[in-house]
Amino acid sequence: MCAQSETERLSLEELRSLQFRLLKKTLIWAYEKSRFYQKKFRDAGITPSALETLADIQKFPLTTYKELQQTPAADFLTIPFSSLTRISLWEHPQTLIRMYTANDIAENTGLMSRALLASGMNRSSVVGILGDMADSGLMDAQYALESIGATIVPLSTEYDRAVALINAAHPDTILGSVRRVLRFAIQGQAVGNDIAASAIHRILCLNESIHNPLRSHIEKRTNAQVRDLFSSAEFGCIGMVFQCEKCAGYHVQEDHFYPEIVTFGGNEVIADSSRMGELVVTTLTAEAIPIIRGHTGQTVIGIDTPCDCGRLWMDINTPLGFLH
């Protein structure tokens with residue numbers, strides 16, 4: 001099931017044309033508006049006019065993982081504070097401030113809607129959200145679930161409150177970070193409230209890395225099917241990379257992000273699908289804080305075989321998980 005099937009099922013030619021238009025627009029926007037990228041491009045001796053084909057993105061400097069984590073959000077910012085709609089704190093595991101326009105929030109909600117529908121969510125789903133609802137990613141998840149028509153149960157971070165709501169609402173799905181989900185399952189088993197005995201049959205784990213090393217452990221403890229959603233504080237969103245119901249790999253939402261797989265510690269784009277590399281991403285629709293060729297810290301390998309779900313976006317797998 002697709003939230004925006006006409007966009008998700010673009011032909012490769014249509015997708016590349018869309019990416020080029022959005023990429024050109026993003027480079028110009030960042031170059032003209034962002035203090036960080038004005039200096040970054042100037043130091044590299046390059047301007048957006050250097051982009052004549054999609055392949056030309058390789059001419060532009062990478063945004064390092066350290067820069068993404070240590071540069072103040074205001075240095076990336078492209079608009080005045082008065083034009084922002086949300087300023088949020090992400091904990092990953094260190095704190096990062098991220099800022100959003102109304103359009104950013106709408107785009108992130110759309111990304112989440114797609115990912116949730118692809119994970120099997122629908123209007124009959126009852127979803128318990130485990131975590132602090134001041135979290136920007138969870139706010140987007142709530143908006144997305146509302147747009148789908150699902151029933152939402154904000155479970156908070158308090159165990160007794162969450163148990164009372166689960167006993168009253170009988171959710172079929174839990175959404176939360178890997179750590180919170182595992183902690184909740186362990187707490188429940190310790191006091192006789194085993195998730196495995198509840199109506200919960202699906203768990204959506206928000207991961208700080210694409211690779212979820214605790215997935216099989218959570219599935220065994222909860223007797224539930226686990227789906228993974230990449231939650232990136234550096235990019236300030238959930239749903240950039242997600243699993244569909246076919247579970248053949250992980251889809252990159254390429255009409256919002258331009259992905260590259262590059263050599264470890266280098267700039268060479270890897271074309272050979274048998275070679276591992278690091279996922280590097282350029283945002284295509286972010287307004288407040290665009291990111292150009294940003295390191296994700298994710299070790300990935302491309303998948304050549306098209307997914308049975310019909311999406312033609314880049315498919316990746318994660319043989320080694322997190323680099324940093």
Q) Just checking, how many residues over region 122-137 are under 22 Å from CYS244 (Cβ atoms) and surrounded by fewer than 21 Cβ atoms within 10 Å (Cβ to Cβ)? A) 5
Q | Residue identified as over 21 Å from TYR100 (Cα atoms), of a type outside the set (Ser, Thr, Tyr) and crowded, with 20+ Cβ neighbours inside 10 Å among LEU312, LEU279 | A | LEU279
Q. Scanning region 222-263 for residues that are within 23 Å of ILE195 (Cβ to Cβ) and polar (S, T, N, Q), which turns out surrounded by the fewest Cβ atoms within 10 Å (Cβ to Cβ)?
A. ASN223
Q) If you take the residues in region 287-308 that are out of contact with any Pro (no Cβ under 7 Å at 6 or more places or on another chain), of a type in the set (A, V, I, L, M) and closer than 18 Å to CYS244 by Cα, which one is surrounded by the fewest Cβ atoms within 10 Å (Cβ to Cβ)? A) ILE303
Q: Could you please find all residues in region 177-198 being under 14 Å from ARG221 (Cβ atoms) and either among the hydrophobic types (A, V, I, L, M, F, W, C) or assigned to a strand (DSSP E or B) (or both)?
A: VAL178, VAL181, LEU182, PHE184, ALA185, ILE186, ALA190, ILE195, ALA196, ALA197
Q.
If the requirement is being among the small types (Gly, Ala, Ser), out of contact with any Lys or Arg (no Cβ under 8 Å at 6 or more places or on another chain), touching a residue at least 12 places away in the same chain (Cβ under 8 Å) and part of a strand (DSSP E or B), which of these qualifies: SER209, SER231?
A. SER231
Q: Could you look through region 244-263, keep only residues that are in contact with a Ser or Thr (Cβ under 8 Å, 6 or more places away or on another chain) and of a type in the set (A, V, I, L, M, F, W, C), and pick out the one that is modelled with the highest pLDDT?
A: PHE257
Q: Can you give me the number of residues within region 248-292 that are part of a loop (DSSP other than H, G, I, E, B) and in contact (Cβ under 8 Å) with a residue 60 or more places away in the chain?
A: 16
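Can you tell me which residues in region 11-27 are surrounded by 13 or more Cβ atoms within 10 Å (Cβ to Cβ), under 19 Å from ILE291 (Cβ atoms) and either in contact with a Ser or Thr (Cβ under 6 Å, 6 or more places away or on another chain) or basic (Lys, Arg) (or both)? Steps first, answer last, please.
Residues of region 11-27 that are surrounded by 13 or more Cβ atoms within 10 Å (Cβ to Cβ), as a first pass: 14-20, 22-27.
If we keep only those that are under 19 Å from ILE291 (Cβ atoms) too, we end up with 18-20, 22-27.
LYS24, LYS25, listed by residue number.
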Q) For region 275-298, which residues satisfy the criterion of being farther than 19 Å from ALA74 by Cα and more than 15 Å from the chain's Cα centre (by Cα)? A) ARG275, MET276, GLY277, GLU278
Q | Filtered residues of region 28-66 (kept if crowded, with 18+ Cβ neighbours inside 10 Å, under 16 Å from ALA286 (Cβ atoms) and free of Cβ contacts under 8 Å to residues at least 24 places away in the same chain) | A | TYR31
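Looking at this structure, is ARG275 under 16 Å from SER209 (Cα atoms), at pLDDT below 95 and among the basic types (Lys, Arg)? Break it down into steps so the answer makes sense when it comes.
On the way: under 16 Å from SER209 (Cα atoms): no; at pLDDT below 95: yes; among the basic types (Lys, Arg): yes.
No: the conditions fail for ARG275.
The values are calculated or read from the model by the stated rules, or taken from the named source; none is laboratory data. No experiment lies behind these values; they were computed from the predicted model shown. Backbone-built Cβ (ideal geometry, glycine too); neighbour counts: all protein chains shown.
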